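> My structure is below; once you've seen it, I'll send some questions.
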Amino acid sequence: MKISKILIAQPGVASANPHYANLIKKYGVSIEFHPFFSMVPLTLREFRAQKVNIPDYTAIVFTSKGTIDAFFQLCAEQRIKIPDSQKYFCTSESLSYYLQKHIIYRKRKIFFGDGTFASVVKLAKADKHKNEKILIASPDHIYPEWIQMFKEANLKFAPAVVAKFVDNDLKGLNLDDYQIIAFYNALDVTSLKNNFPLYKQNGTKFIAFGAGIRKAMTEAGMTYAIGGPTPEFPSLANAIEQLIVNPDFRQANLPAEPKKETKKAPAKKDAPAKKTAEKKTAVKESAPAKKAAPAKKAAPAKKAAPAKKAAPAKKEAPAKKAVVKKPAVKKAAPAKKAAPAKKTATKKPAGKTAGKK
C-alpha cells in the first residue's frame, strides 16, 4: 500500500509547520488538517446555573486556548471588568502568551508551568499565592485528579465549567480516502463514531498520540499502528514518516502509560482469588463436621450408658465417711501415756529390801 493522503484531526495548516512541509516535499504526500470536535463557550444561562461569581476570585487557572476565549466572552456578556491585580496560572508558556489576546501581558501577574497540571498546583501553593482564591476555568470534562491535587495542596479554589465540546460535522469527509489518520484526543474517536456509526477501519493506519486516545481506540475496537510519544517516535511527524517509508510497520515497544494501567489490573484480579481460596478452606472445614455426623448417629447405641448411671451406689460413699471414726483411734493414743506406769515400776523398793538382807 502506497501512502499518498494523510489526515490529522487537529486545526492547522501543513505548510505552516516545517516538519510537515518537509514530508510533503520529500515524499510527495498530501497532509490535511481537520478537527473532529470543537470547544464552544457555555451560554450565559448555562454558566449562571453553576452560581459562580467571577469577581470573588483573585486568580484564574487556564488549561487551553478554548477556555481562555470562553472565560473572557462570559465576562464580557456579564459586563464584568477584570481588575489589573488579577493573577493567571497557565499550564504552559505558549498558553500564557495567548492571554495577550485579551489582556495586557504582565509577568508579575502571569505564571506558567511545564505543560502539566501538577506544575500549576506547585506554582499556586507558593507562599506568595497562598491567600489567593482560585477559579479553575475548565471545559465540561474536568478531570477529578485536578480537583484532588488542589485539595491535597490545601488551596482555596472552585472549578467552573466555561466551555463544552461539540462534535464537528464530518459528513463531507471520506475517511477511506486517507491511508493514515492521526488522533490526539479521545474525543476524536467519539466524534468519528457519532458521525459514522457504521465505520470500519479496514486498511487505514491510525496513529494515536496520548494515553487517553490509545485507551479510547482500544475500547472502540480500533487498532493503531503507532502509539506515542515514545523515545522512538517523539513527535507525530516522526511517526508519519515511518509509515510513509514502511506502511506495514508495527510498533514493537508500546508507550509507558498503557503498561501502568495493565499493572493495576492484576492487583484487582488477585483479590477475588483470595476470596475463592477462603471459600475453599471454609468448605474443607465444614467437610470434617459432616464426617463427625455419623459418629453422632452411632451415639444412640451408647445410650445404654444410663445403666452405668446406676452408679448412685457411689453415693454410698458418704456412709463410709460415717465409718471413718478415726478420731476414736486418735483418742486411744493417750493410752500410750500409760508409760508413766513404767516409772512406777522403776521404783526400787525391792532393792532397798535386798540391802537390808
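The values are calculated or read from the model by the stated rules, or taken from the named source; none is laboratory data. Here the structure is a predicted model, which means the values were calculated and not measured. Here the Cβ positions follow ideal geometry from the backbone for every residue, glycine too, while neighbour counts run over all protein chains shown. The area values use the complete protein model at the heavy-atom level, side chains included, leaving out ligands, DNA and RNA. Shrake-Rupley method; radii C 1.70, N 1.55, O 1.52, S 1.80 Å.
> Take the residues in the stretch 211-226 that are in a helix (DSSP H, G or I) and free of Cβ contacts under 8 Å to residues at least 40 places away in the same chain, then tell me which one is surrounded by the most Cβ atoms within 10 Å (Cβ to Cβ).
It comes out as Ile213.
> Take the stretch 103-117 and flag every residue that is assigned to a loop (DSSP other than H, G, I, E, B) and open to solvent by 70 Å² or more (accessible area, probe 1.4 Å).
If the condition is that a residue be assigned to a loop (DSSP other than H, G, I, E, B) and open to solvent by 70 Å² or more (accessible area, probe 1.4 Å), then Ile104, Arg106, Lys107, Arg108, Asp114 are the ones that fit.
The rows are residues; the columns are (1) open to solvent by 60 Å² or more (accessible area, probe 1.4 Å); (2) modelled with pLDDT of 95 or more; (3) polar (S, T, N, Q).
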position: Val13; (1), (2), (3): yes, no, no
position: Pro18; (1), (2), (3): yes, no, no
position: Leu23; (1), (2), (3): no, yes, no
position: Lys26; (1), (2), (3): yes, yes, no
position: Phe36; (1), (2), (3): no, yes, no
position: Gly66; (1), (2), (3): no, no, no
position: Leu74; (1), (2), (3): no, yes, no
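> Filter the stretch 119-165 for residues that are in contact with a Pro (Cβ under 9 Å, 6 or more places away or on another chain) and part of a helix (DSSP H, G or I) and give the result.
The answer is Trp146, Ile147, Phe150.
> I'm checking my understanding of the structure. Among residues of the stretch 38-64 that are open to solvent by 50 Å² or more (accessible area, probe 1.4 Å) and hydroxyl-bearing (Ser, Thr, Tyr), which one is nearest to Ile142 (Cα to Cα)?
Checked the stretch 38-64; the qualifying residue nearest to Ile142 (Cα to Cα) is Thr43.
Yes/no per residue for (1) open to solvent by 60 Å² or more (accessible area, probe 1.4 Å); (2) within 30 Å of Pro247 (Cα to Cα); (3) of a type in the set (A, V, I, L, M, F, W, C):
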residue: Glu77; (1), (2), (3): yes, no, no
residue: Gln86; (1), (2), (3): no, no, no
residue: Tyr98; (1), (2), (3): no, no, no
residue: Ile142; (1), (2), (3): no, no, yes
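> Which members of the stretch 21-55 meet the condition of being farther than 19 Å from Gln73 by Cβ and in contact with a Leu (Cβ under 9 Å, 6 or more places away or on another chain)?
Once the filter is applied, which keeps residues that are farther than 19 Å from Gln73 by Cβ and in contact with a Leu (Cβ under 9 Å, 6 or more places away or on another chain), the stretch 21-55 yields Val29, Ile31, Glu32, Phe33, His34, Phe36.
> Same structure, new question: Taking the stretch 32-44 as the search range and keeping residues that are touching a residue at least 60 places away in the same chain (Cβ under 8 Å) and among the hydrophobic types (A, V, I, L, M, F, W, C), which one is farthest from Phe206 (Cα to Cα)?
Looking at residues that are touching a residue at least 60 places away in the same chain (Cβ under 8 Å) and among the hydrophobic types (A, V, I, L, M, F, W, C), I get Leu42.
> It is to be established whether one or more residues within the stretch 50-64 are touching a Ser or Thr at 6+ places or on another chain (Cβ under 9 Å), closer than 30 Å to Lys133 by Cα, among the aliphatic types (A, V, I, L, M) and in contact (Cβ under 8 Å) with a residue 24 or more places away in the chain.
Yes, there is a match, as at least one residue in the stretch 50-64 is touching a Ser or Thr at 6+ places or on another chain (Cβ under 9 Å), closer than 30 Å to Lys133 by Cα, among the aliphatic types (A, V, I, L, M) and in contact (Cβ under 8 Å) with a residue 24 or more places away in the chain.
> For the stretch 181-230, give me each residue that is touching a Leu at 6+ places or on another chain (Cβ under 9 Å) and among the aromatic types (Phe, Trp, Tyr).
Correct list: Phe183, Tyr184, Phe196, Tyr199, Phe209.
> With the requirement that a residue be closer than 19 Å to Gln179 by Cα, out of contact with any Lys or Arg (no Cβ under 8 Å at 6 or more places or on another chain) and hydrophobic (A, V, I, L, M, F, W, C), what does the stretch 189-212 give you?
Hits for the stretch 189-212 are Val189, Leu192, Phe196, Leu198, Phe206, Ile207, Phe209.
Residue-wise test of (1) surrounded by 15 or more Cβ atoms within 10 Å (Cβ to Cβ); (2) within 30 Å of Ala59 (Cα to Cα); (3) modelled with pLDDT of 95 or more.
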residue: Asn154; (1), (2), (3): no, yes, no
residue: Gly172; (1), (2), (3): no, no, no
residue: Ala182; (1), (2), (3): yes, no, yes
residue: Asn195; (1), (2), (3): yes, no, yes
residue: Phe209; (1), (2), (3): yes, no, no
residue: Gly228; (1), (2), (3): yes, no, no
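> Only residues in the stretch 10-29 that are in a helix (DSSP H, G or I) count as the first member; pair them with residues that are surrounded by fewer than 12 Cβ atoms within 10 Å (Cβ to Cβ) and not acidic (Asp, Glu), Cβ under 6 angstrom, at least 6 apart or cross-chain, and list the lot.
From the stretch 10-29, the pairs are Ala21/Ser15.
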